[in-house]
Every structure is written in structure tokens, then in C-alpha cells.
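**Q** Sharing a structure with you now.
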Amino acid sequence: MRILALILAFATSPAAAHELWLEPLAYQVAPDGLLEADIVNGEEFEGVILSFLPQNTENFVIFAGEAAQRVQGRPGDKPALNQAALAAGLNIIAYQSRVATLNYPNWAKFQKFVDHKDLGDVRTRHDARGLPEDDFDEVYGRYSKALIGVGDASGADRRVGLETELVALTNPYTDDLSGGMQVQLHYRSELRSNEQIEVFEKAPDDTVKIHLYRTDANGIGTFPVKPGHAYMVDAVVLREPSETLSAETGAVWQTLWANLTFAVPQ
């Protein structure tokens with residue numbers, strides 16, 4: 001019933017009000033194991049599994065150490081990722097969607113999204129640009145990563161070239177987590193300080209808790225983690241679209257969604 005409710009909700013509400021993430025079927029695999037992960041659109045760590053569709057995909061790449069390899073997906077694949085690990089150690093899966101648009105019929109719906117993601121005083125900027133209060137469009141793109149431990153899972157996450165990106169400063173499979181998990185939030189060449197990150201914590205019984213944190217002056221967010229739990233971290237950039245993108249899509253706002261998933265061993 002929960003999945004049905006989500007599907008119905010997606011049909012009647014803006015899709016970009018929900019997260020899109022990579023959810024590995026196994027967060028740790030043997031050295032000769034497969035990397036398998038779904039692309040999921042939903043909320044509270046539950047949602048609809050999407051097929052791999054090249055027309056919706058800008059980039060889909062596996063990184064391990066200094067090596068990189070494009071995901072060799074076929075249209076309609078479920079799971080979207082299903083291929084051999086690139087190397088032993090920490091494998092980083094990065095997915096960038098093509099941009100899409102959605103319509104906000106009134107300001108109240110957009111304000112609810114702005115408040116939820118703590119995007120600041122957008123209304124003042126909106127009015128200063130002479131934008132309509134009702135019936136306006138947003139263009140959005142997704143920048144999702146997942147960390148999968150292969151074999152001993154040694155290694156470190158790193159920037160892989162996404163325009164906005166969450167980078168794990170802690171290896172959740174090998175490092176001491178008693179002081180918490182650390183992630184760093186990037187936007188282009190900037191570190192995003194004093195920004196909200198939303199952390200979704202899924203327990204072994206699939207119950208989910210949501211916590212909000214803020215990054216420090218160096219764009220670093222620190223939060224506690226628990227053995228046997230899976231985590232999704234999310235942060236959003238809101239900006240004016242370029243003139244070209246606005247002309248192509250009709251959108252007056254653009255959002256870029258950074259997402260990172262990983263798990264903590266039992």
C-alpha cells in the first residue's frame with residue numbers, strides 16, 4: 001500500500017519535491033562480485049524503481065581509485081546498474097540525470113519546497129525579477145552517488161566532476177565511525193558552508209528517520225551513524241537558469257540535487 005500511495009502521490013505532485021537516489025542491492029560485495037543498484041525516485045528512502053533509460057541519463061560512471069568506467073546499461077535495465085566491480089576497494093557510482101521541468105500552479109507549493117530544503121528568502125528574489133506568482137516552471141537535475149565496498153572496501157571517496165556533489169570524507173566500511181560520518185558539500189569550485197543537508201537513516205527493519213544538519217565553514221557536515229543502517233544524504237542548490245536553458249525550457253528557477261547513499265556494516 002505504501003508504494004501505491006507513493007505512485008499516486010507522484011502522479012499528482014511535483015516530481016522534483018522528491019529525492020532521486022542510487023540504492024545498491026548490496027552495499028558490500030566480494031572482490032569478484034557484481035555491482036547492482038537501482039535508480040529510485042521517492043521520499044523517505046522508499047519509492048519507485050526506475051529503469052535505465054539513456055534518454056534520461058547524462059552520465060553514469062563507476063570510479064575506483066583513479067580508474068573510471070561508464071556503466072554499460074541497456075535501455076530498460078532493472079537494476080539500472082548490473083556489472084562487474086571496477087576494482088577491489090571502494091567503488092563510487094555516479095549518476096547525472098538529464099534536466100527536466102515541472103510546473104508550480106501557485107506560489108504556496110513552491111514555498112513549501114523552499115522551506116523544506118531551507119533555500120532562504122526566495123520570494124524576495126522572485127518578486128524582484130517580476131516573476132508570476134502562479135503557473136511558473138522549474139528545471140531540475142539530479143547528481144547522485146553511491147558508495148559500494150568491494151572486497152576490503154579500502155580507499156576514499158573523491159570529487160568525480162558533478163556540478164554539485166557530496167563527497168564522503170569518511171569511508172563508512174573501513175574507518176572509525178565513533179566520531180560520526182563526515183561529508184563535504186560542493187557546488188562547482190565552491191564549498192557550500194552553512195547549508196542544510198538532509199540525512200535519511202534506514203534501519204534493518206526498513207523504518208526511516210530523517211535528521212537535518214548544517215555544513216560548517218568548510219562545507220563539512222558531521223552526523224552520527226549506526227551499524228547495520230543505510231544512509232542517504234541530500235542537498236539542493238537553487239539558482240536562476242541560464243538564458244539559454246530558460247529559453248529552451250521556459251523555466252524561471254533551476255534546482256540541482258546532490259545525493260549520496262552508503263551503509264554502515266553491522
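The values are calculated or read from the model by the stated rules, or taken from the named source; none is laboratory data. Note that the structure is a prediction, hence the values are computed from the model and not measured. Note that each Cβ is placed from the backbone with ideal geometry, even for glycine, and that neighbours are counted across all protein chains shown. All accessible areas refer to the heavy atoms of the entire protein, side chains included, with ligands and DNA or RNA removed. Shrake-Rupley method; radii C 1.70, N 1.55, O 1.52, S 1.80 Å.
**Q** Could you tell me the number of lysine pairs in the chain with C-alpha atoms less than 25 Å from each other, where the two lysines are 8 or more residues apart or belong to different chains?
**A** For the chain, the number of qualifying lysine pairs is 15.
**Q** Then there's this: What's the angle, to the nearest 10 degrees (0 to 90), between helix 107-116's Cα axis and the longest principal axis of the chain?
**A** 30
**Q** Then there is this: Accessible area per residue for the stretch 44-102 in Å², computed with a 1.4 Å probe and the full protein assembly in place, what is it? Spell out each step's value before the answer.
**A** Numbers: 2850 Å² over 59 residues.
Value for the stretch 44-102: 48 Å² per residue.
**Q** How much length would be gained if the chain were fully extended between N106 and D175, taking 0.36 nm per residue of separation minus their Cα-Cα distance, in nm to one decimal? Before the final figure, lay out the partial values.
**A** Working: separation 69, 0.36 × 69 = 24.84 nm, distance 4.68 nm.
Full-extension gain reported as 20.2 nm.
**Q** Return the label of the correct value of Kirkwood radius over Cα pairs in Å, as calculated from the structure shown, out of (i) 18.5; (ii) 19.8; (iii) 19.0.
**A** Here the calculated entry is (iii).
**Q** Solvent-accessible area per residue for the stretch 117-266 at a 1.4 Å probe radius, Å²? Don't skip to the end; give the middle numbers.
**A** Values: 6310 Å² over 150 residues.
Here the residues of the stretch 117-266 average 42 Å² of exposed surface.
**Q** Evaluate 2.2 N^0.38 Å with N set to the residue count of the stretch 64-219, then give the Cα radius of gyration divided by it.
**A** Values: Rg = 18.8 Å, N = 156, 2.2 N^0.38 = 15.0 Å.
Computed over Cα atoms of the stretch 64-219, the ratio equals 1.25.
**Q** For S189 paired with E58, estimate the spin-label separation in nm (one decimal), with each label point 7 Å from Cα along the Cα-to-Cβ line.
**A** For S189 paired with E58, the spin-label model returns 1.9 nm.
**Q** Debye calculation, C-alpha points only, no solvent: report log10 I(q)/I(0) for the stretch 90-181 at q = 0.11, 0.13, 0.16, 0.23 Å⁻¹, in the same order as the q values.
**A** -0.53, -0.66, -0.81, -1.14
**Q** Further question on the same structure: Could you state how much accessible area K202 has, in square angstrom rounded to the nearest 10, with a 1.4 Å probe and all protein chains kept in place?
**A** Number for this one is 30 Å².
**Q** Please give the helix 2-12 orientation as an angle from the longest Cα principal axis of the chain, in degrees from 0 to 90, rounded to the nearest 10.
**A** Orientation of helix 2-12: about 30 degrees from the principal axis.
**Q** Tell me, what is the FRET efficiency for E163 and D121 to the nearest 0.05, using R0 = 30 angstrom and their Cβ-Cβ distance as r?
**A** Values: r = 24 Å, r/R0 = 0.79.
My answer for the efficiency is 0.80.
**Q** Then there is this: Taking a virtual spin label 7 Å from the Cα of I49 along the C-beta vector, which residues in the stretch 176-217 bring their backbone nitrogen under 17 Å of it?
**A** Inside the label zone: 206.
**Q** Taking just the C-alpha trace of the stretch 177-262, give me its Rg and Dmax in Å.
**A** 15.7, 50
**Q** Now for a different question. Return one quarter of the surface area of the convex hull spanned by the alpha-carbon atoms of the stretch 57-111, equal to its mean projected area, in nm².
**A** Numbers: hull surface 24.2 nm².
Taking a quarter of the hull surface, the average projection is 6.0 nm².
**Q** With +1 on each Lys and Arg Cβ and -1 on each Asp and Glu Cβ, and nothing else charged, work out how big the dipole of the stretch 86-228 is about its Cα centre, in Debye to the nearest 20.
**A** Values: 17 positive and 22 negative charges, 41 e Å.
Around 200 debye, computed over the stretch 86-228.
**Q** When only C-alpha pairs under 8 Å and at least 6 residues apart count, what is the relative contact order of the chain, in percent? Could you put the intermediate results ahead of the total?
**A** Details: 632 pairs, mean separation 48.8, N = 266.
After rounding, I find 18 percent.
**Q** For the chain, give the percent of accessible area contributed by carbon and sulfur heavy atoms, probe 1.4 Å, rounded to a whole number.
**A** Values: 5920 of 11980 Å².
Accessible surface attributable to carbon and sulfur in the chain totals 49 percent.
**Q** Springs between alpha-carbon atoms under 10 Å, Gaussian network over the chain: tell me which of G155, G42, G76 tops the mean-square fluctuations.
**A** Most flexible of the set in this elastic network: G76.
**Q** Next up: For the stretch 164-221, with only Lys/Arg (+1) and Asp/Glu (-1) charged at the beta-carbon, what is the dipole magnitude about the Cα centre, in debye rounded to 20? Could you put the intermediate results ahead of the total?
**A** On the way: 5 positive and 10 negative charges, 36 e Å.
Rounded to the nearest 20 debye, it is 180 debye.
**Q** Let me ask something else. Any idea what Rg and Dmax come out to for the stretch 36-153 if you just take the C-alpha atoms, in Å?
**A** Answer for the stretch 36-153, Rg first and Dmax second: 18.4, 56 Å.
**Q** Hey, if you put +1 on the Cβ of every Lys and Arg and -1 on every Asp and Glu Cβ in the stretch 80-198, which of L86, V114, S178 ends up farthest toward the positive end of that dipole?
**A** Final value for the positive-end residue is L86.
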